[in-house]
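Here is the structure we will look at, set down as structure tokens.
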Amino acid sequence: MAQMGRPRTFDRQQAVEQAMHLFWEQGYESTSLSQLKASLGGGISAPSFYAAFGSKEALFREAAQCYLANYARVTECLWDDALPPRAAIELALRQSARMQCERGHPKGCMVALGVMSAPTPEHAAVAQPLTASRTRTRNGFIRCVERGVASGGLPANTDARALAMVFDSFLLGVSTLARDGIRAPAFDAAITQVMKLWDAAAAS
């Protein structure tokens, strides 16, 4: 009788989530294979790791998709036409800031920090899903401002890209500040101030 293969000593989804936390905290290049193996409890050999995930790059992509399918959804409200455009922007900012300050996972946003995950040209393609997510969020801000113009809530001469860039830049900056220990109440107060730019544009 053929001997059965050794059963896996880890849960795959749990392993992907643990890897996601490592990549989120440290980035792609700074996370080593030994750290990834250790996050699985040390019960997996290098050959078994490659058999399970293919490569470090493949695991990063899987971890990135796990992040995008869960944590990154806080900005999907930018594409919800049932929400007034100003409300959609404010909700996206507040939801994202609160998520980035939550306990139980690394601070900041993996999508925002992904630009530093694979800084060298040979690894740039690894972070492509995160780059695409940042582009989608940026376009979501632009779309909301354009909706504001189309509905008459903002003047027809509003520079939609410039105003959207203010909100996008603020959101990207939240990741660094969250890593520095700034907490959710401070971000909530700052978002109230940032949204006054919309109100000022509407009143002009």
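Throughout, read-outs are computed from the coordinates displayed, never taken from laboratory work. Quick caveat, the model's predicted, so the values are computed rather than measured. Note: ideal-geometry Cβ built from the backbone for every residue, glycine included; neighbour counts use all protein chains shown.
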Neighbour-count order for Ile44, Ile89, fewest beta carbons within 10 angstrom listed first: Ile44, Ile89
Cα-projected label distance for Ala125 with Ala189, points at 7 Å along beta-carbon direction, nm: 4.8
Length released on extending from Asn157 to Asn70, taking residue separation times 0.36 nm less the Cα-Cα span: 27.6 nm
Eligible lysines near Lys196 by straight Cα distance, threshold 29 Å, same-chain separation 8 or greater: Lys107
Alpha carbon Rg of the range 123-183, scaled by the compact-globule rule 2.2 N^0.38 Å: 1.39
Using alpha-carbon coordinates, inclination of helix 56-69 to the longest axis of the chain, degrees: 40
Fewest-first sequence of Ser175, Ser39, Ser45 by Cβ atoms within 10 Å of each Cβ: Ser45, Ser39, Ser175
Over the range 95-204 - Rg/Rh using Cα atoms and the Kirkwood inverse-distance radius: 1.03
Alpha-carbon centroid distance for the pair the range 32-106 / the range 123-155, whole angstrom: 19
Relative frequency of Cα-Cα separations exceeding 28 Å in the chain, percent: 37
With Cα atoms, 0 to 90° folded angle of helix 85-101 axis to the chain main axis: 40
Per-residue Cβ neighbour rank within 10 angstrom, fewest leading, Trp198, Trp79: Trp79, Trp198
